[in-house]
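J.: One structure, as C-alpha cells, below. Some questions next.
Since every read-out is calculated from the coordinates, none of them should be taken as a lab result. All values reported here derive from a predicted model rather than from experimental measurement. With ideal geometry, Cβ positions are generated from the backbone for all residues, glycine too; neighbour counts draw on all protein chains shown.
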Amino acid sequence: APGMSWAGTGRLNIGWGGKGGGNLIAYSKGHATRPGEFFFVFGGGPSIGKVKFAHYDGSKSRIKLSVLANGNVGFGVNEPVYPIEHASGAHLTAGGVWVNASSREYKDGITPLTEREAMEALEGLEPVRFRYKKDNTEEYVGFIAEDVPDLVATNDRKSLSPMDIVAVLTKVVQKLKAENEQIRAENQQIRAELLQRIAVLERQMRFMTSVASK
C-alpha cells in the first residue's frame, strides 16, 4: 500500500511500497504504476551521489532532471556528460563555452538564406552600448531585442540568438568576398590589357626612333 516502507537494505521508499533502486525514493503519486511526477535520490553502488527527477506517464519513466556526483546537470538527459546538458543537444563544455544544438536531425524547413535577406537584416541592426539594470557595474555592446529585424528576432522579442546574427554576417561576408574576387579578376584583366598596349606602344616607339635615326 502507498505510504512509507523500509526495504531492509538501507533503502527508504516514500509514497510507494516497493523496494526501489536508490537509498531514498519518493513518489508524488501512490504507486509506480500510476502516472505522476517523482524523484530519486540515489545513495549507493555505482549511483552514489546522483539525484534524479523523473515523470512516469503510465508506461515509461522519462528523466526530467539529473544531477550527478561529479556536478554534471542534465535537463531531459539521464547521464549528462557535460557540466550542463539539455535534451535538445545544447550543452556547456568543461571549458565554459556554451554550444548550441545545430545538428540537421534537430531541424525542419531548412532553406538557404538569401543575400538580399542578409543585407536587409544587417542594415537593420543597430549596435548599442548598455548596462544591465541588475548589474550596472559592467558595460556591454550588443543589440536591443525589440529593435532587431524580424529575421533575427525571437517570438517574444525579449532575447536574441547569437547564431542568427552570425549567419547574417556570414552571408554578407560571403557576398562581399565574391564581389571582391570578381573585382580583382576584372582588375587583373584590365592590367593585362594595359600591359599589352604599353608593350605595343613601346615597340612602335622603338621602331619610330630607329627610323628617325637613319
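J.: Would you mind ranking V97, V81, V152 by Cβ crowding within 10 Å, fewest neighbours first?
T.: V97, V81, V152
J.: State to the nearest 20 debye the size of the charge dipole of the range 88-214 about its Cα centre, where the only charges are +1 on K and R beta carbons and -1 on D and E beta carbons.
T.: Here the range 88-214 has a charge dipole of around 900 debye.
J.: Quick check on my link table: of K134/K158; K64/K134; K64/K107; K133/K158, which ones sit more than 26 Å apart, alpha carbon to alpha carbon?
T.: Distance filter (> 26 Å) returns K64/K134.
J.: Fewest first, what order do I190, I165 take by the number of other Cβ atoms within 10 Å?
T.: Exposure proxy ranking, most exposed first: I190, I165.
J.: In addition: Let a ≥ b ≥ c be the square roots of the eigenvalues of the Cα gyration tensor of the range 168-214; is it rounded (a/c under 1.5), or, if not, prolate (a/b larger than b/c) or oblate?
T.: prolate
J.: Classify the range 87-134: rounded, prolate or oblate, from the alpha-carbon gyration tensor (a ≥ b ≥ c, eigenvalue square roots; a/c under 1.5 rounded; otherwise prolate if a/b is larger than b/c)?
T.: Oblate.
J.: Pull up all non-local amide H partners of A90: gap of 5 or more, or a different chain, and H-to-H distance under 5 Å with H placed in the peptide plane.
T.: For A90, whose amide H was placed from the backbone, the distant partners under 5 Å are A101.
J.: Then there is this: Give, in nm to one decimal, the length gained when the segment between E117 and D135 is fully stretched (0.36 nm per residue of separation minus the Cα-Cα distance).
T.: Going from the current span to full extension adds 3.0 nm.
J.: For L125 paired with L195, estimate the spin-label separation in nm (one decimal), with each label point 7 Å from Cα along the Cα-to-Cβ line.
T.: 3.9 nm
J.: Can you give the Kirkwood hydrodynamic radius for the range 70-153, in Å, rounded to one decimal and based on Cα pairs?
T.: Result for the range 70-153, one decimal place: 16.3 Å.
J.: Could you list which residues have their amide H under 5 Å from that of G49, counting only those 5 or more apart in sequence or on another chain, with H placed in the peptide plane?
T.: G43, G44
J.: Quick one: pull the percentage of alpha-carbon pairs in the range 115-214 with a separation above 16 Å.
T.: 72 percent
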